[in-house]
Every structure is written in C-alpha cells, then in structure tokens.
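Where a number appears in this text, it was derived from the coordinates with a stated rule and is not lab data. Worth saying up front: this structure is predicted, and the values here are computed from it rather than measured. In this analysis, Cβ positions are derived from the backbone assuming ideal geometry, glycine residues included, and neighbour counts consider all displayed protein chains.
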Protein chains: 2
Amino acid sequence: MEIVELEKKHINSIAKLSKKLLDFHWKIDRYYRRGSEKTQEEFKNYLLKNFNKKNFKILVILDQKKPIGYFIGKIEKGKPHISPQKIGKIESAFLLERYRKKKLGEKAFKKLLEWFQKNKIRNVEVSVDSRNKIGVRAWKRYGFFEFQKNLRLDL
Amino acid sequence: MEIVELEKKHINSIAKLSKKLLDFHWKIDRYYRRGSEKTQEEFKNYLLKNFNKKNFKILVILDQKKPIGYFIGKIEKGKPHISPQKIGKIESAFLLERYRKKKLGEKAFKKLLEWFQKNKIRNVEVSVDSRNKIGVRAWKRYGFFEFQKNLRLDL
C-alpha cells in the first residue's frame, strides 16, 4: 500500500472511485448527484485541469499500483468575513470500504497536512454530510471540530 | 416598520450594521474577522457591486426610514456534485437585537423566499456558526434542517 501524487495514468480509476462517493451521498439525499458516466467524465476533466496547479494536492492511495482511494487538498483565498488570508480545504476524500480502518486515510490526510503546513496554512476545513456518521467521526478523530452547520430548506 | 429593497442611500447604515454582525462572530471565534472601517468599506463595495444584479436580492428592514437589519439572498449555480442546477443562498442576515422576536426576520425571509420561488429555486441554503444557537434556532424555525457540518482543524 502506498500514497503517491496523482499521475495521469490514475485518472480513469480515480474517476470510477468518484462515482462510488457520489452514489454514497445520493443514497443519503437525492440533493446529491448520482454517479454516472457523465459525472466520471466531469471528474476526469476536473482532475486534468487541476492536478498540476500549485494550490492543489491530489493524493492517490494505491494497492499494488491500483488506486483504491484519493484525498484532494486545495489552498483557497479566505472569504471577506474571515480573518485568515488563505485556508486549506479538503475538497474530497474517498477510500474503498474494504481498505478502511487500516490508518490509510489518516496517513493520506497527514500528507495533506504536511503540505498545508509547508504552505503556512493555519486553518483546514472540510464539509461533511451530517448524516454521514462515519465521515464525521473520522474527521473528528483527525482533530477537526464542528464550527458551522449548513442548513437547507427544500421547496 | 417596513421591508424594502436596498437603495443607495441605505448603504452606509447597512455597512455599519455589518460591523455588528462581524463582531458578533469575532466574539465567538477569532477565525472571523473583526468589524472595522475597512470591513465596512469592503461591505459597501460588495453592496454597490451586487445590488442591481439579477441573481441578488438585498432587503433592508427599516424603522422610520432607518435601516435596522438586512437580508441578502443570492442565486448560485449548483456545484458539480449536487443535483440542482441552481440553488438559493442566504448570503447574510442581520437584525438589531432590540428588534428581534417581532417576526421581522421571518417577514424578510418570506420575501426572499417568494423571490427564490419566482426563480424556480428548489433548495435554499444558509451557513450558520454552530455556536450561534439563536441563529441555528431561527433558521430551523423557518423550516431549515441541518444537512452538512463544516469542520475545521486549526494548526
């Protein structure tokens, strides 16, 4: 098992994993988009567009060279109402279910953290669906705390 | 008491109110920016830039022609991982403390809601600091439910 930076050859497999992440959320709430050929294609374009950008760090978790998960970090300009000039964002993170509970996610996250720290980031943020208990618990285990709620009204 | 659309003459007063909203959050968490001349100036520019845009609705609550609160609604393109093509956002909302509990906020919100509905919006979102119990309670009273948590790690 190893964690490497995204290379072009991983992109197809990562896009397939992204479908699983979308479907997981779609099952929770139809507000999320269901995974499809189209979402995979869009995700590939997103990866291709960003994987060499300085403000992106895209990590791939491999099992015998095969992608089984990914962690995407991004450095963003802070919004006008907040104090930090730049913040770290966990854009997306996924690990195939059978590989969980092996500290692989934690290792990938630590690598992102090193990159954030090297870039003088003081605040790292991630949005998690409130009903995704596994996700909420995992991020809290990594030291995150809840500071905001996103509320929604469906009409 | 009346609720009107933002006019240029309100902008100075609204910017002053925005300072109170920032300071309220700054007291909860130094992650938020403290209100200042500079933040007021920036907020004025934000209002001037957006108040005539079609995807913005900026409502001002007046007491004898004097602004005592504001509600800012925005229509945004849905992010790639969600199903709705466009969503309604409550960008910001504030009402001076002594005018609360008089259904004024609710009235302003209802006006935004009409605008969202006229624009075929099916999902309206707002972010609230988790420690702002009054805010969380108010939005839930208006029918909102929590669907996401924003988590943060401070380094």
Legend entry - Distances in nm from B:Lys133 to the matching label points in the other copies, shortest first (labels 7 Å along Cα to Cβ): 2.5
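How big is the dipole moment of the protein assembly as shown about its Cα centre under a simple scheme where the beta carbon of each Lys and Arg is +1, that of each Asp and Glu is -1, and everything else is neutral? Debye, nearest 20, please.
My answer is approximately 220 debye.
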Legend entry - Value of Rg/Rh across chain B [Cα atoms, Kirkwood radius]: 0.95
Legend entry - Average other protein chain Cβ within 10 Å of Cβ, residues B:17-28: 1
Inset, instruction - Calculate for chain B the 222 nm mean residue ellipticity that helices alone would give, adding -39,500 (n - 2.57) per DSSP H run of length 4 or more and normalising by residue count, nearest 500 deg cm²/dmol. - result: -11500 deg cm²/dmol
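Based only on the alpha carbon positions, what is the Kirkwood hydrodynamic radius of the stretch B:33-73, in angstrom?
Hydrodynamic radius (Kirkwood, Cα pairs) of the stretch B:33-73 is 11.5 Å.
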Inset, instruction - Could you tell me what % of all Cα pairs in the stretch B:41-115 have separations over 15 Å? - result: 60 percent
Inset, instruction - Compute the convex hull volume of the Cα atoms of the stretch A:1-84, divide it by the residue count, and report the result per residue in Å³ as a whole number. - result: 134 Å³
Inset, instruction - Beyond 26 Å between alpha-carbons counts as too far, so tell me which of B:Lys20/B:Lys66; B:Lys27/B:Lys110; A:Lys65/A:Lys86; A:Lys66/A:Lys118 fall in that bin. - result: B:Lys27/B:Lys110; A:Lys65/A:Lys86; A:Lys66/A:Lys118
Inset, instruction - Taking the dipole about the Cα centre of the stretch B:94-155, with the C-beta of Lys and Arg at +1 and of Asp and Glu at -1, give me whichever of B:Phe94, B:Ala108, B:Ser130 is farthest to the positive side. - result: B:Ala108
Inset, instruction - Find, to one decimal place in angstroms, the Kirkwood hydrodynamic radius of the stretch A:114-155, where the mean of 1/r is taken over every pair of different Cα atoms and then inverted. - result: 12.2 Å
Legend entry - Rg/Rh (Cα only; Kirkwood hydrodynamic radius) as it applies to the protein assembly as shown: 1.00
Legend entry - Förster radius 35 Å - calculated FRET efficiency between A:Gln117 and B:Glu37, Cβ distance, rounded to 0.05: 0.55
Legend entry - Given charges at beta-carbon only (K, R positive; D, E negative), |dipole| of the stretch B:44-154 in Debye: 320 debye
Inset, instruction - Mind giving me the FRET efficiency for B:Lys140 and B:Gln85? R0 is 22 Å, r the Cβ-Cβ distance, nearest 0.05 is fine. - result: 0.25
Inset, instruction - Starting from a label point 7 Å past Cα on the Cβ side, list the distances from B:Lys79 to the same position in the other copies, nm, shortest first. - result: 1.1
Legend entry - Number of partner chain Cβ atoms within 10 Å, mean per residue of A:40-48: 1
Inset, instruction - Determine the alpha carbon to alpha carbon distance for each of A:Lys19/A:Lys44; A:Lys89/B:Lys44; B:Lys19/B:Lys149; A:Lys74/B:Lys19 and list only those over 23 Å. - result: A:Lys89/B:Lys44; B:Lys19/B:Lys149; A:Lys74/B:Lys19
